[in-house]
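Participant: Have a look at this one.
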Amino acid sequence: MSCQEKSDVKVRYYKPLDDQFDKTCTWLNQKNNFYKKNYIPTFYSYYNKKIKEKDYSNASKALEIVCIKKAYFSTYDVKFMNTVNYFSDHYRSKIDPIKTTYIDTYFGCFYDDEGDFKKAISYYKNVTRFAVKDYISCKNSAYAYYNISFCYYSMGKQNLAIENNLKALKYYNEMNDIVGIGYVYTSFSIIYSATNDYTKAIENNDTAIAYFKKAKDTSNVYISLFNKILIYEDTNSKKLYPLIDSTYNSFKNSAIKDDVLKISIYSYYASGLLKQNKVVEAKKILDEIKPIVIDLDSPSSSREYDTSFAEYEIKKNVENINEEVIKKAIPALIENQNYQAVINFYDALKNIAIHKKDFKNALLYNDEIIKANDSVASNEMKNKVVELDAKYEVEKKENQIALQMKTIQNNNFSIALLIAILIGFFLVVITITFIKKQRELKKEKKESLQFTKQLLEKTEEERQRIAGDLHDSVSHELLNLKNSIEEKSDITNKKIDAIINDIRSISRNLHPIMFDKVGLKSSVEQLVERVQAFNNFMVTAEIDYHDSLSTSNELQVYRILQESLSNIIKYANAVAAKITISEKNNTVFIEIKDNGKGFDVTETLNKKDSFGLHNIIERSRAIGGEAKITSNKNGTVIAIEIKKT
């Protein structure tokens, strides 16, 4: 299903009339009141009063409103969480279960924010266990699947993320929830960004913006614009800085009160200014949002601010940089796999250490740079290791000599130096032994493959000799016998003809007639015709091959196809199979696919009698190829890639 296709789901559930909240709950539900100083005291006063009156329904309504607000603004505190837990343990059972799923959603959001995605998913799944039968249950399930999708995205399991996002889209469509549908397309955009399909990411993000505009949901329009900024940043788009500037200026002039969103947009705007070396302007922006970050106390918002502030610190003079600010920002960058920023931050720390002549820590920071470079397949910093290691070793020896001159006798230094030499010699011996062992293993593997190839070639030569003897000698003798018999009968002729046909069949199986002359393609086509002629089984062949392998290697490919078709006929209970041979650049691709009952590949290969499959694998290796076998209840696929030589 394409995310851009219009859903065929009809609207099944319509939003009921607004809940008849009393005056206090109505006030608590108003978004702009959340940051007022009397918001939480007002809630507790009302909530405790309703609990005392045993009015658990209204107490639950108030608790639900605040749970939703705290989850939305990512503000969690121990006191409120204890309140939710206590209500769940003592009063939840007194209310319709479908009306208390917000408790599971709240804790799911909390663990989601903390990065414990497995635990978050377990809470969200508690919501989905209720059957969807009305608007409320449909909305709860839609939001739960949407959150599960985000968790799987964060865990790197994009297929599961898409699967759960599609479920959320289905339910939001059934309610015609325009904002919810916008959320889903935003999620699709993020997922496609993670898979580097930035075209689809932009398309889905623009679709989300269209839905939010239709719903006149200005806050989410800005969130989608922020997501678009992230995509442009990943692709190094020229549109990045103009979009950051326009989004910042538009948000600044709007009347939206959303501190989480403000921190995100302002942090990115500050980062953009720093990349343009506008350090003073960036500092003003960061100073403006710092009190909001402290007051909000949200891990995700704090990470965004910390990253931007660390970038500001790096831009300062090396003598005035606050190392702790940079160190504090690094874990979040690693968690978000922003390895290029990790490299930049560790590089700044390394420069500070070198400036202080702290070569030990400089070496440690350089090791972290190498790890980050490895994560993005980069080796740019490897040469720096030798340089820093040399400086560190020089400083270490100088310090040792100075210390020993003051505290111990000169002979102790000689002993220490001797130990260091012995350790170095020991490490050299281990390294040489390891390299030698690797070479021996590589040689043994090469010799084993060569032996296998020679064995297969000798076997083919013997097969060809026997096939020739059967065809030229035994077959001709039977023909002479048939012609010499004086009293012929139909039965005699039929028996002799049957024997001759059997011998010819055996001869063809031992060695395909004229293989050396007609080549692989024609031989495979003849093989397909014979298999279809003598078995209740349909085989098709799609061959786009231009004789790029040697004749001996082609013959091994033919044997692999023979073995594969034989296995399908014997064991698969299939009605059809397809052979595909193609080539591209320096590789020949072979695929044998059937629609049989399938089997457990690992279990079968571990059996002693799985000669056929091992034969396919070993023949593939002998000619420089690799065979991959996959199988399930829908059939089996044998895929082979052979490098041309």
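The values are calculated or read from the model by the stated rules, or taken from the named source; none is laboratory data. All values reported here derive from a predicted model rather than from experimental measurement. As a convention, Cβ positions derive from the backbone with ideal geometry for all residues, glycine included, and neighbour counts pool all protein chains shown. Keep in mind that these areas ignore ligands, DNA and RNA; they rest on the heavy atoms of the full protein, side chains included. Shrake-Rupley method; radii C 1.70, N 1.55, O 1.52, S 1.80 Å.
Participant: Please go through (1) assigned to a loop (DSSP other than H, G, I, E, B); (2) open to solvent by 70 Å² or more (accessible area, probe 1.4 Å); (3) in contact with a Gly (Cβ under 7 Å, 6 or more places away or on another chain) for residue 593 and return the number of the only condition it doesn't satisfy.
Facilitator: (1)
Participant: Further question: Assess whether residue 294 counts as being out of contact with any His (no Cβ under 7 Å at 6 or more places or on another chain), open to solvent by less than 50 Å² (accessible area, probe 1.4 Å) and in a helix (DSSP H, G or I).
Facilitator: When the stated conditions are applied, residue 294 does not pass them.
Participant: Then there is this: Filter region 596-608 down to the residues that are assigned to a helix (DSSP H, G or I) and among the polar types (S, T, N, Q), then identify the one that is farthest from residue 570 (Cα to Cα).
Facilitator: Applying the filter and picking the extreme gives 602.
Participant: Another question, then. Tell me the residue from 36, 31, 10 that is under 45 Å from the mean Cα position of the chain (by Cα), open to solvent by 60 Å² or more (accessible area, probe 1.4 Å) and farther than 28 Å from residue 177 by Cβ, please.
Facilitator: That would be 36, the only listed residue that is under 45 Å from the mean Cα position of the chain (by Cα), open to solvent by 60 Å² or more (accessible area, probe 1.4 Å) and farther than 28 Å from residue 177 by Cβ.
Participant: If you check 218, 195, which single one turns out to be within 24 Å of residue 263 (Cβ to Cβ) and open to solvent by 40 Å² or more (accessible area, probe 1.4 Å)?
Facilitator: Every option except 218 fails the conditions.
Participant: Can you go through 203, 233 and tell me which one is under 18 Å from residue 304 (Cα atoms) and acidic (Asp, Glu)? Before the answer, list the steps.
Facilitator: Numbers: 203 fails: under 18 Å from residue 304 (Cα atoms).
Selected residue: 233, the only one of 203, 233 that is under 18 Å from residue 304 (Cα atoms) and acidic (Asp, Glu).
Participant: Quick one: which of 611, 537 is among the hydrophobic types (A, V, I, L, M, F, W, C) and open to solvent by 30 Å² or more (accessible area, probe 1.4 Å)?
Facilitator: Going through 611, 537 in turn, the sole match is 611.
Participant: If you take the residues of region 160-174 that are of a type in the set (A, V, I, L, M, F, W, C) and open to solvent by 10 Å² or more (accessible area, probe 1.4 Å), which of them is nearest to the chain's Cα centre (by Cα)?
Facilitator: That would be 160.
Participant: Here is a follow-up. Quick one: which residue in 288, 324, 311 is within 32 Å of the chain's Cα centre (by Cα) and open to solvent by 30 Å² or more (accessible area, probe 1.4 Å)? Walk me through how you get there before you give the answer.
Facilitator: Details: 288 fails: within 32 Å of the chain's Cα centre (by Cα); 324 fails: within 32 Å of the chain's Cα centre (by Cα).
Among 288, 324, 311, only 311 is within 32 Å of the chain's Cα centre (by Cα) and open to solvent by 30 Å² or more (accessible area, probe 1.4 Å).
Participant: Considering only residues that are in contact (Cβ under 8 Å) with a residue 24 or more places away in the chain and surrounded by 16 or more Cβ atoms within 10 Å (Cβ to Cβ), which ones fall in region 108-125?
Facilitator: 108, 109, 110, 112, 113, 117, 120, 121, 124
For (1) within 21 Å of residue 516 (Cα to Cα); (2) exposed (fewer than 13 other Cβ atoms within 10 Å of the Cβ), each residue gets a yes or a no:
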site: 552; (1), (2): yes, no
site: 599; (1), (2): no, no
site: 603; (1), (2): no, yes
site: 624; (1), (2): yes, no
site: 631; (1), (2): no, no
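Participant: Looking only at residues in region 236-251 that are modelled with pLDDT under 85 and open to solvent by 40 Å² or more (accessible area, probe 1.4 Å), which one is nearest to residue 189 (Cα to Cα)?
Facilitator: Ranking the qualifying residues of region 236-251, first place goes to 236.
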